[in-house]
Amino acid sequence: MAVQISPSILAADFARLADEAAAVPNADWLHVDVMDYHFVPNLTIGLPVVEALRKATSTPLDCHLMIDDPDRWAPQYAEAGAGSVTIHAEAAKGPIRTLREIRALGARAGLALNPATPVEPYEDLMGEVDMLLLMTVEPGFGGQKFLDGVLPKVRRAREMIQRHGGRVWLQVDGGVDAGTIERCAEAGADVFVAGSAVYGASDPASAVDALRAAASRKNA
Ligand code: DX5
Ligand code: ZN
């Protein structure tokens, strides 16, 4: 499995997003946290910013929709040029239809699960997704402490993915840093979101390299 690093611009300077994207040329993705004050108790950015950022960087955008009614909005993120669009299972009313729409528009389709949401009920959706995102904090804010209690679910998700051919990427998001990334990789994650650990560092690109090296040591 190839390790991929997706720095979260939630921890970047929103007034200088193009520069912040350019600060991590070695990132595989830029993770864009879309929040709506309803699904999570925080408000961030939406479609116009994704459209602008798409033009400002060649790094593909990994849009994580923490919003109600993703069935209505997710296809528009794919149309706006996101490389990957992830919806929350807790919010989607027609996840299969929405995941198919995302794919039909040429983006990778992701399904996200909150820490308390079990992965087993979604096994039959493995053929519909390109990525499973397991939240390792409650969604809504950057800089929270990593929830170790999610690691057994990461392991079970990896086993489930392998049973279905190993094609689906397994992303972890929340509290991922130099101290926790190895445990995530050991449990089977292969795509790592990091906000504070990248943009809180004095040299964000070096932080990406260090995270990739640490994850690669465990994820053989
Ligand atoms: C939290 C967001 C995360 C957040 C991670 O709801 O989904 O992507 O930016 O930030 P850190 O890495 O600081 O926990
Ligand atoms: Zn996120």
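For this structure, a couple of remarks:
- Options Glu159, Glu120; residue that is touching a Gly at 6+ places or on another chain (Cβ under 9 Å) and farther than 28 Å from Gly106 by Cβ: Glu159
- Entirely in the stretch 10-114, the helices (runs of 4 or more DSSP H) that have 3 or more residues that are within 25 Å of Asp209 (Cα to Cα): 17-22, 47-56
- Residues in the stretch 192-220 that are closer than 19 Å to Thr86 by Cβ and either small (Gly, Ala, Ser) or in contact with a Leu (Cβ under 7 Å, 6 or more places away or on another chain) (or both): Phe192, Ala194, Gly195.
- So Ala112, is it small (Gly, Ala, Ser) and closer than 26 Å to Leu151 by Cβ: yes
- The set of residues in the stretch 201-220 that are within 14 Å of Gln4 (Cβ to Cβ) and not in a helix (DSSP H, G or I) contains only Asn219.
- Only listed residue being in a helix (DSSP H, G or I), within 11 Å of ligand 1 (Cβ to nearest atom), among the aliphatic types (A, V, I, L, M) and modelled with pLDDT of 95 or more, chosen from Val172, Val198, Val154, Val150: Val198
- Close Cβ contacts (under 7 Å, 6 or more residues apart or on different chains) running from residues in the stretch 137-153 that are surrounded by 15 or more Cβ atoms within 10 Å (Cβ to Cβ) to residues that are of a type in the set (Phe, Trp, Tyr) comprise Val137/Phe146.
- Residue tally, condition of a type in the set (D, E, K, R) and within 16 Å of ligand 1 (Cβ to nearest atom), over the stretch 175-195: 3
- Taken together, the residues in the stretch 30-50 that are touching a Gly at 6+ places or on another chain (Cβ under 7 Å) and either of a type in the set (A, V, I, L, M) or surrounded by 15 or more Cβ atoms within 10 Å (Cβ to Cβ) (or both) amount to 4.
- The number of residues in the stretch 173-210 being polar (S, T, N, Q) and closer than 22 Å to Met131 by Cα comes to 1.
The values are calculated or read from the model by the stated rules, or taken from the named source; none is laboratory data. All values reported here derive from a predicted model rather than from experimental measurement. Positions of Cβ are backbone-derived with ideal geometry, glycine not excepted, and every protein chain shown enters the neighbour counts.
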